[in-house]
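S.K.: Structure provided below as structure tokens; questions to follow.
The values are calculated or read from the model by the stated rules, or taken from the named source; none is laboratory data. On a predicted model such as this, the values are computed, not experimentally measured, just so you know. Every residue, glycine among them, receives a Cβ derived from its backbone with ideal geometry; neighbour counts consider all protein chains shown.
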Amino acid sequence: MIEAIVLDWAGTTVDYGSRAPIIAFKNAFAHFGIGLSEETIRQDVGLDKLTHVRKILQIPEIANSWETRQPTIPLTKATAEIYAQFQIEINKVLAETAQLKPGMTDLIKFANTHHIQLATTTGYTQVMLNQILPLAAQQGYTPTYNITSEQTNHVGRPKPDMVALAMQKMHISDPSHVIKVGDTVNDILEGKNAGTISIGVVDGGNLIGLPKQAFDQLNIEQRDRYRAKAAAILKEAGADEIINNIADLIPLIESIDDQQHEMPLLLTPGPLTTSFTVKETMLVDHGTWDDDYKELTQWVRRELVTLGHASNEEYTAVLMQGSGSFGVEAAIGTAIPKRDATLLIAANGAYGERMIEIADYLAIPHVDLHVPEDQAVTLGAVEKALTAHPEVTHFAMVHCETTTGILNPIETIIPALTDNGIITLVDAMSSFGGVPIDLAQLQVDYLITSSNKCVQGVPGFSVVLAKKNTLQATKDNARSLALDLYAQYQTFEEHDGKWRFTSPTHVVYAFAEALRELEQEGGVTARTHRYQANETLLREGMQDLGYELVIDETVQSPIITSFKYPTVDFNFQAFYEYLKNRGFIIYPGKVSKCDSFRIGNIGEVSADDINRLLNLIKTYTKKELQLSVND
């Protein structure tokens, strides 16, 4: 939950309109014969004041004006001269502008009642702040910690150092439990760079800049225009939310707390934790025959092929209602002809075994290559099976086997089989979108994934990325009406994105948003980096706590990691409930030869989340366990 609020001073909590810095800057430059507009000053309000002076002097017209009006003082010394005068000028106005803004008293009461710590960061120096603090205290505002850049080796906004120091002093390690509030772009950037929730406040802030009396005299339409313009600037800077009055923070905190309480973090290989915006997309209803929806479906199909580094001329994406297993069964049931075909299945975990079960159900002739669960499938083992069974025409395997977390080497196996004329199918359920896969280079015939995996959508449909010329030769192969991959493909193509049967409209819109967010993150490469960083942090942290890995690190995927029970009498269910009660959902093990559990590293999960989990596991004791069970 929200543990602390880090607030700015001028324009946010005191000094309605952020007038003090403006007056002081104007008077300081005027002292040397240079006139400044408010617009020039307000561009960089929020920086520490020495840096702000330096930036203003970098404006060519201002620099030229200085050299003209102060020929005896070189420009290199101008910053120090003006800053010294600024300190004189600001001291004249700080006291008269130190009145708390409307809403602050309510926020202070709320924070005290809910045990939320209050701290501040500021562009003011400690000497300047010392004038404000006693005046704020007289009005009931006494932040626990007040951080200036003098305490961070003069590193101020927009860098995160001041917020980081405030969190350190408050003994808070998770920035997602902290709100940074300010009225300037630099405030928002400071919060974003620190990883906190960044909130922009509009009324009485720097971006409107009007004294309270002047703002109150505006009509409603004029106020709304001012607010909209300021909000747009703060939103563009990355603000998570915008509020008008500082008291509006109260219901926002209650809403955030409710969301955090209701939404445990899913450390699983899918379904996984999705972003709030992906969830929010599903609040609107859509019709399956709607042209916009069909157009979106076609866009999603094209984007998926692009995500696989392939051309839409060579590959197509076929969306199938249902879970990932629906897609696997549709691909197997459609790809394999009803006569003169044999499927070789390589299985080193539960999902390879599921392929075998599907082939049994569909009465498809198959040869099974069983590989130990803690070992990867190898090209050598596959080639040996092919030599023993020359009748094999098709081959299927799992890329990331989430039974253990093994990443099988499809990049060496699949091209070799393709060169031998064998049709290939890869279950890339838990890897596509989270691990780089180049379809054009791989030349796989069918690659299957799901909406609720590494693209970070929600459950509802599977995806089969298929080589067009291979798929087009499969008419009449299917053993099922609903799972006929060829017929589904033809319907999409012939009816401009229309699904054959009722489709999961909400899920498709959520998935489209997830695709956009994947691109915003930096694509698959950036996402792989985040997942890998999560996995490394988790694996090394758990090993430091004495937990052993199930598989060798050399074949470990960034998707999910398996750990052995630490003791023979380890109670996994109690451990699971302990973590669940504290906001984390993990997975039981699936390995048959040892007792284990699994922790996923994918989804909307950060290194801070992994650190919080490790801290919980570190403090997991029999006493705490008993308490959590009794709860």
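S.K.: Applying the selection to the range 189-204, what residues are of a type in the set (A, V, I, L, M) and either part of a loop (DSSP other than H, G, I, E, B) or not assigned by TED's automatic domain parsing to the domain that holds Thr121 (or both)? Break it down stepwise before answering.
M.R.: Residues of the range 189-204 of a type in the set (A, V, I, L, M): 189, 194, 197, 199, 201-202.
The answer is Val202, and nothing else.
S.K.: Write out, first by first residue and then by second, each pair whose Cβ atoms fall under 9 Å of each other, whose residues are 6+ apart or on separate chains, and whose first residue, in the range 583-606, is in contact (Cβ under 8 Å) with a residue 40 or more places away in the chain and at negative phi while the second is part of a loop (DSSP other than H, G, I, E, B) and among the aromatic types (Phe, Trp, Tyr).
M.R.: Matching pairs, first to second residue: Cys594/Tyr565; Ser596/Tyr565.
S.K.: Next up: Among Ile358, Ile345, Ile364, which is the only one that is more than 17 Å from Ile414 (Cα to Cα) and touching a helix residue (DSSP H, G or I) at 6+ places or on another chain (Cβ under 6 Å)?
M.R.: Of Ile358, Ile345, Ile364, the one residue that is more than 17 Å from Ile414 (Cα to Cα) and touching a helix residue (DSSP H, G or I) at 6+ places or on another chain (Cβ under 6 Å) is Ile358.
S.K.: With respect to Gly322, determine if the residue is at negative phi and crowded, with 17+ Cβ neighbours inside 10 Å. Show your work before the answer.
M.R.: On the way: at negative phi: no; crowded, with 17+ Cβ neighbours inside 10 Å: yes.
No.
S.K.: Also: Among the residues of the range 570-614 satisfying the criterion of being among the acidic types (Asp, Glu) and under 24 Å from Gly433 (Cα atoms), which is surrounded by the fewest Cβ atoms within 10 Å (Cβ to Cβ)?
M.R.: Within the range 570-614, the first condition is being among the acidic types (Asp, Glu), and the residues that meet it are 577, 595, 604, 608-609.
Still in the list and also under 24 Å from Gly433 (Cα atoms): 604, 608-609.
Details: Glu604: 17, Asp608: 15, Asp609: 22.
Only one residue fits best here, namely Asp608.
S.K.: Of the residues Ala24, Ala30, Ala111, which is aliphatic (A, V, I, L, M), buried (at least 19 other Cβ atoms within 10 Å of the Cβ) and more than 27 Å from Asn153 (Cα to Cα)?
M.R.: Ala111
S.K.: Going by what's in this entry, would Ala232 be described as surrounded by 16 or more Cβ atoms within 10 Å (Cβ to Cβ), under 30 Å from Glu39 (Cα atoms) and modelled with pLDDT of 90 or more?
M.R.: Working: surrounded by 16 or more Cβ atoms within 10 Å (Cβ to Cβ): no; under 30 Å from Glu39 (Cα atoms): yes; modelled with pLDDT of 90 or more: yes.
Judged against the criteria, Ala232 is not a match.
S.K.: Right, next: Given the conditions (1) part of a loop (DSSP other than H, G, I, E, B); (2) of a type outside the set (Gly, Ala, Ser); (3) within 19 Å of Glu401 (Cα to Cα), report the number of the one that Asn477 does not fulfil.
M.R.: (3)
S.K.: Can you name every residue in the range 539-571 that is touching a residue at least 40 places away in the same chain (Cβ under 8 Å) and farther than 19 Å from Asp595 by Cα?
M.R.: Result: Gly541, Val555, Ser557, Pro558, Ile559.
S.K.: Could you check, for the range 453-470, whether at least one of its residues is of a type in the set (A, V, I, L, M), part of a helix (DSSP H, G or I), in contact (Cβ under 8 Å) with a residue 12 or more places away in the chain and assigned by TED's automatic domain parsing to the domain that holds Met355? Give the derivation first.
M.R.: Of the range 453-470, the ones of a type in the set (A, V, I, L, M) are 455, 458, 463-466.
Still in the list and also part of a helix (DSSP H, G or I): none.
No: the range 453-470 contains no residue that is of a type in the set (A, V, I, L, M), part of a helix (DSSP H, G or I), in contact (Cβ under 8 Å) with a residue 12 or more places away in the chain and assigned by TED's automatic domain parsing to the domain that holds Met355.
S.K.: Has the range 274-292 got any residue that is more than 27 Å from the chain's Cα centre (by Cα) and either buried (at least 18 other Cβ atoms within 10 Å of the Cβ) or assigned to a helix (DSSP H, G or I) (or both)?
M.R.: Here is the first cut: in the range 274-292, the residues more than 27 Å from the chain's Cα centre (by Cα) are 287-292.
Filter once more, keeping what is either buried (at least 18 other Cβ atoms within 10 Å of the Cβ) or assigned to a helix (DSSP H, G or I) (or both): 291-292.
Checked the range 274-292: at least one residue is more than 27 Å from the chain's Cα centre (by Cα) and either buried (at least 18 other Cβ atoms within 10 Å of the Cβ) or assigned to a helix (DSSP H, G or I) (or both).
S.K.: How many residues does the range 33-47 hold that are of a type in the set (Val, Ile, Thr), crowded, with 18+ Cβ neighbours inside 10 Å and in a helix (DSSP H, G or I)?
M.R.: Quick first cut of the range 33-47, residues of a type in the set (Val, Ile, Thr) only: 34, 40-41, 45.
Imposing the further condition that a residue be crowded, with 18+ Cβ neighbours inside 10 Å reduces the set to 34, 41, 45.
Restricting the remaining residues to those that are in a helix (DSSP H, G or I) gives 41.
Qualifying residue count, the range 33-47: 1.
S.K.: Conditions first: (1) free of Cβ contacts under 8 Å to residues at least 40 places away in the same chain; (2) part of a helix (DSSP H, G or I); (3) surrounded by 13 or more Cβ atoms within 10 Å (Cβ to Cβ); (4) out of contact with any Ser or Thr (no Cβ under 8 Å at 6 or more places or on another chain). Thr142 passes all but one, so which condition is the exception?
M.R.: (2)
S.K.: Quick one: which residue in Thr378, Thr393, Thr402 is buried (at least 24 other Cβ atoms within 10 Å of the Cβ) and in the same structural domain as Ser325 (by TED's automatic domain parsing)?
M.R.: Numbers: Thr378 fails: buried (at least 24 other Cβ atoms within 10 Å of the Cβ); Thr393 fails: buried (at least 24 other Cβ atoms within 10 Å of the Cβ).
Exactly one residue qualifies, and that residue is Thr402.
S.K.: What number of residues within the range 155-196 are under 18 Å from Leu252 (Cβ atoms) and without any contact (Cβ under 8 Å) to a residue 60 or more places away in the chain?
M.R.: Qualifying residue count for the region: 2.
S.K.: Still on this structure, I have one more. Does Glu241 satisfy being modelled with pLDDT of 90 or more, within 30 Å of Gly457 (Cβ to Cβ) and among the charged types (D, E, K, R)?
M.R.: Working: modelled with pLDDT of 90 or more: yes; within 30 Å of Gly457 (Cβ to Cβ): yes; among the charged types (D, E, K, R): yes.
So Glu241 fits the description; yes.
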